[in-house]
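Colleague: What follows is a structure written as structure tokens; I'll ask about it next.
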Amino acid sequence: MDLTNARWTKSTRSGGNGNCVEVAITDEGVAVRDTKDRTKTPHTYTHAEWAAFIGGVKDGEFDLPA
């Protein structure tokens with residue numbers, strides 16, 4: 001996936017504690033990177049994989065135990 005001109009977005013829920021991720025959505029798929037080390041190769045996903053993940057998040061599949 002070519003990320004040369006990717007537009008990275010940081011979550012508005014990211015706090016000031018340095019635990020932030022950025023996401024870039026491209027025609028080819030979705031890339032995710034850690035803001036602490038932008039030199040590492042980002043994790044990449046197809047649009048279908050990303051949609052499945054977001055669906056799981058919305059359904060509460062990854063919620064931490066109470």
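Where a number appears in this text, it was derived from the coordinates with a stated rule and is not lab data. Everything numeric in this text was worked out from a predicted model, so none of it was measured.
Colleague: Just to check I understand the Karplus step: with θ = phi - 60° and J = 6.51 cos²θ - 1.76 cosθ + 1.60, what whole-Hz values come out for segment 51-66, glycine and proline as x?
Modeller: Each residue's phi maps through the Karplus curve to give 4, 5, 5, 4, x, x, 4, 4, 7, x, 4, 10, 5, 6, x, 5 Hz.
Colleague: Cα gyration tensor of segment 9-58, axes a ≥ b ≥ c as square roots of the eigenvalues: rounded (a/c below 1.5), prolate (a/b > b/c) or oblate?
Modeller: Oblate, since a/c reaches 1.5 and b/c is not below a/b.
Colleague: Residues with amide H under 5 Å of THR26's amide H, sequence separation 5 or more or different chain, H placed in the peptide plane at 1.01 Å from N; which?
Modeller: Hits under the 5 Å cutoff: ALA31.
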